[in-house]
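The values are calculated or read from the model by the stated rules, or taken from the named source; none is laboratory data. Bear in mind that the values here come from a model prediction, so they are computed numbers and not experimental data. Note: ideal-geometry Cβ built from the backbone for every residue, glycine included; neighbour counts use all protein chains shown. What goes into the accessible areas is simple: the full protein's heavy atoms, side chains included, and nothing from ligands, DNA or RNA. Shrake-Rupley method; radii C 1.70, N 1.55, O 1.52, S 1.80 Å.
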Amino acid sequence: MRCLGALESVRVSPLASLSVNGGTGKEVTLGTGLHLRYSTTPLRSSLSFTLPNSFFFRTKAPSQRTVSFYCHSSLTPELKTTLDKVVSSQKVILFMKGTKDFPQCGFSNTVVQILRSLNVPFETINILENEMLRQGLKEYSSWPTFPQLYIEGEFFGGCDITVEAYKSGELQELVEKAMCS
């Protein structure tokens with residue numbers, strides 16, 4: 001999950017605090033799993049942060065009033081459990097825009113054509129039908145784009161990685177091994 005904001009100072013509760021008051025920028029990873037990146041200019045301070053799950057923080061704006069934000073992860077524990085089951089239920093599964101019979105993205109179509117050329121049975125899930133699934137899957141795989149290919153329950157990669165592995169023969173070997181297990 002990523003949130004952005006223009007801030008003068010930030011207090012992260014309950015385990016850490018960070019103030020932004022000038023300077024050129026800094027990146028901090030805290031023991032809580034919270035990752036903060038900020039940059040400042042004389043006219044504006046900005047902060048971006050990555051959160052592991054739901055998190056609450058407050059900011060103190062230049063006018064001295066306190067503003068509170070609550071952000072939560074798209075990857076709920078329930079969605080994670082469901083995704084664990086889905087990716088392990090098939091030898092090869094592709095999360096894509098559209099379906100294997102009607103891809104709605106050129107990158108998704110490319111991966112479908114590669115898998116078809118290998119004559120491998122595979123299932124697809126259309127991420128365009130469920131925005132929560134789409135956002136949660138980005139966190140689940142730590143991969144921001146689609147399609148996302150899973151082989152034997154493990155994230156393999158997106159379109160570029162799949163194309164390169166196909167060209168090198170690595171994908172065919174991996175898929176053959178998966179089909180034999």
Checklist entry - Of the numbered conditions (1) free of Cβ contacts under 8 Å to residues at least 40 places away in the same chain; (2) surrounded by fewer than 19 Cβ atoms within 10 Å (Cβ to Cβ), Lys80 satisfies every one except a single condition; which is it? => result (1)
Next on the checklist: For the range 113-142, give me each residue that is of a type in the set (A, V, I, L, M, F, W, C), at pLDDT 95 or above and either open to solvent by 30 Å² or more (accessible area, probe 1.4 Å) or assigned to a strand (DSSP E or B) (or both).
Outcome noted: Leu118, Ile125, Leu128
Checklist entry - Tell me, which residue of the range 143-181 that is part of a strand (DSSP E or B) and not aromatic (Phe, Trp, Tyr) is farthest from the chain's Cα centre (by Cα)? => result Ile151
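I'm trying to understand the selection: among the residues of the range 132-153, which are among the charged types (D, E, K, R) and touching a residue at least 24 places away in the same chain (Cβ under 8 Å)?
Narrowing the range 132-153 to residues among the charged types (D, E, K, R): 134, 138-139, 152.
Within the range 132-153, Lys138, Glu139, Glu152 meet the criteria.
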Checklist entry - Can you name the number of the only condition in (1) open to solvent by 20 Å² or more (accessible area, probe 1.4 Å); (2) aromatic (Phe, Trp, Tyr); (3) closer than 16 Å to Val86 by Cβ that Tyr150 fails? => result (1)
